[in-house]
1. Every residue in the stretch 114-129 that is farther than 18 Å from residue 69 by Cβ and assigned to a helix (DSSP H, G or I), please.
2. Can you pull out every residue in the stretch 255-269 that is closer than 22 Å to residue 570 by Cβ, in a helix (DSSP H, G or I) and either over 17 Å from the mean Cα position of the chain (by Cα) or not small (Gly, Ala, Ser) (or both)?
3. Quick check, is residue 350 buried (at least 16 other Cβ atoms within 10 Å of the Cβ) and either out of contact with any His (no Cβ under 7 Å at 6 or more places or on another chain) or part of a helix (DSSP H, G or I) (or both)?
4. Please specify each residue of the stretch 74-104 satisfying the condition of being within 18 Å of residue 50 (Cβ to Cβ) and in a helix (DSSP H, G or I).
5. For residues that are aliphatic (A, V, I, L, M), in contact with a helix residue (DSSP H, G or I) (Cβ under 7 Å, 6 or more places away or on another chain) and either assigned to a loop (DSSP other than H, G, I, E, B) or at pLDDT below 75 (or both), tally how many sit in the stretch 356-373.
6. Of everything in the stretch 140-154 that's outside any loop (DSSP other than H, G, I, E, B) and among the aliphatic types (A, V, I, L, M), which residue is nearest to the chain's Cα centre (by Cα)?
7. Being among the aromatic types (Phe, Trp, Tyr) and within 25 Å of residue 153 (Cβ to Cβ) is the filter here; which residues of the stretch 79-126 pass it?
Amino acid sequence: MFHLLQRAGFRITELLLSAVVKGCGRLGNIEEGKQVHCMVFKHGFDKDMILMTSLLDMYSKCTHIKDARRVYDEMPERDIVVNNSMIFGLCLSHLTLAAMTLFNNMFERDVGSWNSLISGLAQNSEGRTALCLFKKMRVEGAEVDVMTMSSVLSVCADLAALVNGKQVHGLVIEYGFELYLPVGNAIIDMYAKCGCMKDVCQFFKNMPIKNVVSWTSLIVGYGKNGLGLEALEAFEEMERKGVVPNKITFLGTLYACSHAGLVQEGWRNFNTMVHKYSITPMMEHYTCMVDLLARAGRLTDAYDFVERMPIKPEAKLLTALFSSCCSHMNVDLAKTVGQRLLELEPKEAGAYMLLSNFYGIIGDLNGVANVRKLMSKRGIRKTKACTWIEIDRKVHSFESGDRLKGGRLLQEIQADFIISIMDHALVEITGESSAHSPIPFDLFVSKKHPGLTHGDLGFADASGNVIFKINRRSSKSSPNHNRRLLLDSTGNPLLSIYRYHNGLWKGFKGNDDEKQQCIFRVQRTVNKLTRTELEVFLVGENGEEDSVSKLKVKGFPFQKSCTIYRDNAIVAQTSLMYKLRQLFAKRSKFRVTIFPGSDDHVLVAALIVIFLD
């Protein structure tokens, strides 16, 4: 349109150029923006503050911060609006320190100044600094508005800082901002990310006006908290209310289906998005679909889906597929996907670490060495992991490898203590021991637990309390030298396990001998140097054995790594208790993670003993 006006001979004015510059900024069209910048000088409009501020804003939105800085430095006067635009641009270019310096040097600030820096810090994952700035804003008595509250609530959501979030919610009520949709939607998001779905539902129910963002926030909240069916019910109610979903809404439903294992519902939502609402899937939608199929164990279908995609897969998608291949022990497909991941992100340390960890799990030391050599050759270094926690209204962050003054790793000092406290809290909350936990819990297997005699193997909880013992002291000269006895913590026999020829084991209740009734039979179906698979046949009280194996064990004996399946669901997994840099250390201790739905923990322990036999 601007070029048509030029050809038609319309007079070029400051107002016209300002409108064109704003359009270039919104579209990210930096080349057209630079041409308009030249016209500004050509027509002598470089003293117009409004036009120069628009140019500064355009360069900032296009992340050409050097050009933005040059415009800023050449301006004869710099008012609050100009400084706010510069702060915004610096934050967009991840120069938050420079933005804070400019903010602190401003003689006069308005609410836009505070908002620009708070939102900029939040977008750069500096939420703790943003919260401190908001507190300073309150202390100085600065005015707050809807944007301020929305930004601070988003910070609390990202940090899962519930106490701070509730305080901000109180301020929202105090200032009368609760009825503003952006603030209301931010409150829903904050409570959902803090896991408070009851508060989300109550607030959502009382909202007088709801838009597509409100419904989407509710659906995403359900999905992130593992409530897949509730997310789908909310989506259906949204459609009944006549609210048209957008691409983010469908991203929320697909995420919910993925984490709840709702494969058919996920497919139906994906097809609804494409065919009913004519929404072109983004990479995130494809990633959710691959994750949905892979989590359900349909790895081949997931890989075929990737191959049929009309766009090239990104690293996040391949990472989701690779992780599921590892969980389901699909070695060949994991290697294929892992190599594609390295080709896609040759400079990212995460891809190398995933592949290196996988080779370590399956016992392929050459694979580990090759990946590490490739990292060294390309100058790739692993970045530290970081997490945070809110305690007494303060947010504390922790990095992997944090050390105390004495030099000892912080994790080494406090990890067992923290796990022990969590175990005690679980008992207080549920009234049950960790052996009947509604959430996954860990047992630690070692020959070195207190109270074990030579030759015994122990399964202990995080506090070191022995739950099960394995007696391995039988002499080979004895006729029962192939027997393993599974005992409880007091030494009472729970199971007798006998090993026969050709990879066959049988289990008998208590201290029974082979003349008594068998309660399960285990047959080894794969016996390779680095891989073992077992099938488990249960025997009923009537003495009849299952015709089809309901339980399977797959894993890698070298790494003491195995997964126990019931149909397609994972019952339990084992993993070694060492880091890759200790790969050649003695493997005397490993972890068993038992997942919800597994009632017979004695059988799980017995199957792990058989796998290691």
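The values are calculated or read from the model by the stated rules, or taken from the named source; none is laboratory data. Predicted model only: the values in this text are computed from it and were never measured. Neighbour counts are summed over all protein chains in view; Cβ atoms, including those assigned to glycine, are modelled from backbone coordinates with ideal geometry.
1. Of everything in the stretch 114-129, those that are farther than 18 Å from residue 69 by Cβ and assigned to a helix (DSSP H, G or I) turn out to be 114, 115, 118, 119, 121, 122, 123, 127, 128, 129.
2. The answer is 255, 257, 259, 263, 264, 265, 266.
3. no
4. Hits for the stretch 74-104 are 74, 80, 81, 82, 83, 84, 85, 86, 88, 89.
5. Looking only at that region, the number is 2.
6. 153
7. 88, 103, 114
Residue-by-condition table, conditions (1) in contact with a helix residue (DSSP H, G or I) (Cβ under 7 Å, 6 or more places away or on another chain); (2) without any contact (Cβ under 8 Å) to a residue 60 or more places away in the chain:
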residue: 259; (1), (2): yes, yes
residue: 267; (1), (2): no, yes
residue: 282; (1), (2): yes, yes
residue: 287; (1), (2): yes, yes
residue: 299; (1), (2): yes, yes
residue: 310; (1), (2): no, yes
residue: 325; (1), (2): yes, yes
residue: 329; (1), (2): no, no
residue: 337; (1), (2): yes, yes
